[in-house]
1. Counting only protein heavy atoms and using a 1.4 Å probe, what share of the accessible area of region 27-93 belongs to carbon plus sulfur, as a whole percent?
2. Which whole-number value in Å³ per residue fits the convex hull of the alpha carbons of region 97-151?
3. Would you rank 41, 11 by solvent-accessible area, highest first, keeping every protein chain in place and using a 1.4 Å probe?
Amino acid sequence: DVKVLEGFVPLDDIPGYLCPGQIPGRLPPTMYYGYPVPASLLEKHWNEEVRPFLNTQRFTKVALEAFQDPDPRKAFEAFLVTVLLDLEDELCEETGWGIQMNQVYGMPGDPYRWMASLRGNYSGTDIPEPHIRRLREALGAQGPPMWYLADGDDGQWDTKGPFMQFDSERLIRALTTKCDRETGGK
């Protein structure tokens, strides 16, 4: 199932069955609405906005060793959470909106699969267009934001509901049917 979900294609619109409260006794997987944050942008943020300003005098021995690793990718990955939090703060400031960084399915080929989320399917908040435009510009993204499936436990149906038996194949078919119609099955 995970292999199939790694091929998940983001959705333009969220179908009703992925909105909480639409199916009695069922909680749909968490979906996030926003833009992908490509690995190249995270690495650039690390090199230009985070790494030069870290106070290595306060590092533990383990953190200092990771920071000084001769492989720049290992150093970056050791501080990825710091990069994500810093970028999240910057995006919140630039957009004037509560942006959250979330790991999602729907970003094939990206080793980290992080996105800047404007909202989730459990929030009914409408996002004013100026905030969407500012986020799109800050990330250098194109087009409207899309819906992505959350990675991890949040990206699964609550299978304890009393009304329906969980069928993972049915979920995968439901998630891919709309995408297949839009892409002609490609």
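1. Roughly 53 percent, rounded to a whole number.
2. 89 Å³
3. 41, 11
The values are calculated or read from the model by the stated rules, or taken from the named source; none is laboratory data. In this text, all values refer to a predicted model and were calculated from it rather than measured experimentally. With ligands, DNA and RNA removed, areas are computed over all heavy atoms of the protein, side chains included. Shrake-Rupley method; radii C 1.70, N 1.55, O 1.52, S 1.80 Å.
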